[in-house]
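The values are calculated or read from the model by the stated rules, or taken from the named source; none is laboratory data. Quick caveat, the model's predicted, so the values are computed rather than measured. Methodologically, a virtual Cβ is constructed for each residue, glycine included, from the backbone with ideal geometry; neighbour enumeration extends over all protein chains shown. The accessibility values were calculated without ligands, DNA or RNA, using every heavy atom of the protein model including side chains. Shrake-Rupley method; radii C 1.70, N 1.55, O 1.52, S 1.80 Å.
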Amino acid sequence: KTTKPGEYSEIVAAAGGRENAFTGADYTAYFQRLEKSRLPISMKMESDRMQNLVITEEEFKKEISVVMEERRWRTDDKPKAQVNELFNSLIFRAHPYGRPIVGWMNDLQNMTYEDAIEWYKMWYSPSNAILVIAGDVNTKKVFAEARKYFGKIPAYEIAKRKPQFEPIQMGSRRAVLKAPSKLPYIQMGYPTPTLGKDGISNQKEAFALEVLVGILSGTSSSRLNQNLVKKTSKAVNVSAGYSMLSRGGQSSFEMYGTPSENVSVVELEKYLKIELKNIVDNGVTDIELKRVITSVIAGEVYQKDSVMGAAMQIGQLETMGYSHKIVDDYIDNIKKVTTKDIQDVIKKYFHDDALTVVTLDPQP
């Protein structure tokens with residue numbers, strides 16, 4: 001009520017800061033970077049946004065058209081993004097992760113400003129928010145400012161969400177996407193567990209999957225790149241992905257690739273499976289394990305170089321239901337992973353009845 005549309009950004013910029021927001025599968029995040037003496041400006045406006053948001057039909061129409069254009073640019077015009085969207089809708093049939101974060105175009109076309117107001121009233125309560133402040137600040141002053149600006153906002157109880165679990169997959173799922181593209185592409189994956197939220201001492205599987213990603217992908221010396229791109233030229237590019245953290249308690253281990261000119265997506269799928277079988281049969285080497293551990297440690301060190309990175313990490317963990325303190329044990333848990341742990345997770349989760357595959361059939 002006190003700030004015109006667009007003025008929020010202008011106030012932060014005038015204070016020498018930057019601000020933005022984004023939505024993931026598990027949370028919406030608003031963030032500002034300011035010189036510490038300007039912190040009260042940010043807290044004042046953020047608390048104002050939490051309780052006094054005005055959404056007019058006129059402003060909503062402008063913003064929804066921006067979101068539609070973003071969907072066209074990020075997904076509808078990019079075949080690989082379309083493959084990923086189709087893959088998620090197949091591997092998550094019951095879980096909300098099967099729906100795109102930005103929504104289907106039909107959702108956006110039929111959404112109204114009343115829908116946005118209803119969402120805001122339902123979820124934007126202090127009881128459903130986490131405030132993270134990182135930097136060279138005085139803790140007592142920060143808590144005093146937080147009480148001053150946020151303490152008086154009524155904290156109503158938010159709606160309880162029923163737990164949603166994906167039923168066990170009882171057979172492979174496959175789809176073909178036809179889209180304009182020069183090259184074919186494959187995305188394949190298996191449902192996998194995430195890190196439990198009741199402590200991490202016994203979460204061997206999640207850390208084994210995390211190390212497996214590093215063995216297969218991420219550097220020029222990783223297995224997929226070495227064996228399928230450099231040595232045999234079976235693929236133009238290949239990679240793997242897995243997220244061990246999830247608010248919804250569901251994840252997937254995925255492999256992606258663009259086959260070389262004389263190789264089909266069917267053949268590339270076979271070659272990717274062979275790489276997994278080689279690990280089951282022969283294990284991984286100490287050199288590979290050391291390389292992954294070194295890479296993980298480097299990543300953690302670089303993350304600590306950024307104040308914003310630290311704040312973001314804390315916010316993400318706490319919002320997803322983890323303690324931010326698990327970061328302290330992350331490297332130690334990675335170091336504990338053995339060849340047998342990695343072989344065990346492949347044998348347990350990577351079988352054809354749990355496989356989902358989406359391939360891109362390139363069109364002119």
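Residues that are of a type in the set (Gly, Ala, Ser), part of a helix (DSSP H, G or I), within 30 Å of residue 175 (Cα to Cα) and out of contact with any helix residue (DSSP H, G or I) (no Cβ under 6 Å at 6 or more places or on another chain) within region 97-146 are absent altogether. Within region 183-208, no residue satisfies the criterion of being at pLDDT 95 or above and of a type in the set (Lys, Arg). The sole residue among 94, 155 that is touching an Asp or Glu at 6+ places or on another chain (Cβ under 6 Å), modelled with pLDDT under 95 and either within 21 Å of residue 23 (Cβ to Cβ) or assigned to a loop (DSSP other than H, G, I, E, B) (or both) is 94.
The set of residues in region 105-126 that are of a type in the set (S, T, N, Q) and within 14 Å of residue 27 (Cα to Cα) contains only 125. Each residue in region 119-143 was checked for being more than 16 Å from residue 38 (Cβ to Cβ) and open to solvent by less than 60 Å² (accessible area, probe 1.4 Å), and 7 pass. Among the residues of region 230-249, the ones that are buried (at least 18 other Cβ atoms within 10 Å of the Cβ) and of a type in the set (A, V, I, L, M) come to 4 in all.
Residues that are among the acidic types (Asp, Glu): which strands (runs of 3 or more DSSP E) entirely in region 168-274 hold 1 or more of them? Can you show your working first?
On the way: elements: 173-180, 185-192, 235-242, 251-259.
Qualifying strands (runs of 3 or more DSSP E): 251-259.
Can you tell me which residues in region 341-364 are acidic (Asp, Glu), surrounded by fewer than 16 Cβ atoms within 10 Å (Cβ to Cβ) and more than 30 Å from residue 79 (Cβ to Cβ)?
Kept after step one, since they are acidic (Asp, Glu), are these residues of region 341-364: 341, 344, 352-353, 361.
Applying the additional criterion that residues be surrounded by fewer than 16 Cβ atoms within 10 Å (Cβ to Cβ) yields 344, 352-353, 361.
Within region 341-364, 344 is the sole residue that qualifies.
When restricted to residues that are open to solvent by 70 Å² or more (accessible area, probe 1.4 Å), touching a residue at least 12 places away in the same chain (Cβ under 8 Å) and touching a helix residue (DSSP H, G or I) at 6+ places or on another chain (Cβ under 8 Å), region 285-335 contains 1.
If I ask for residues that are open to solvent by less than 40 Å² (accessible area, probe 1.4 Å) and under 29 Å from residue 363 (Cβ atoms), which ones from region 160-190 would you list? Break it down into steps so the answer makes sense when it comes.
Residues of region 160-190 that are open to solvent by less than 40 Å² (accessible area, probe 1.4 Å), as a first pass: 166, 169, 171, 175, 177, 179, 181, 184-190.
Listed by number, the residues that qualify are 171, 175, 177, 179, 181, 184, 185, 186, 187, 188, 189, 190.
Just for region 214-229: of the residues that are closer than 19 Å to residue 342 by Cβ and of a type in the set (Val, Ile, Thr), which one is surrounded by the fewest Cβ atoms within 10 Å (Cβ to Cβ)? Here the residue is 219. Looking at residue 69, is it within 30 Å of residue 359 (Cβ to Cβ), open to solvent by 90 Å² or more (accessible area, probe 1.4 Å) and in a helix (DSSP H, G or I)? The answer is yes for residue 69.
Quick one: would you say residue 270 is in contact with a helix residue (DSSP H, G or I) (Cβ under 9 Å, 6 or more places away or on another chain) and basic (Lys, Arg)?
Numbers: in contact with a helix residue (DSSP H, G or I) (Cβ under 9 Å, 6 or more places away or on another chain): no; basic (Lys, Arg): yes.
Against the criterion (in contact with a helix residue (DSSP H, G or I) (Cβ under 9 Å, 6 or more places away or on another chain) and basic (Lys, Arg)), residue 270 does not qualify.
Do the conditions hold for residue 338, that is, is it surrounded by fewer than 13 Cβ atoms within 10 Å (Cβ to Cβ) and of a type in the set (Ser, Thr, Tyr)? Against the criterion (surrounded by fewer than 13 Cβ atoms within 10 Å (Cβ to Cβ) and of a type in the set (Ser, Thr, Tyr)), residue 338 does not qualify.
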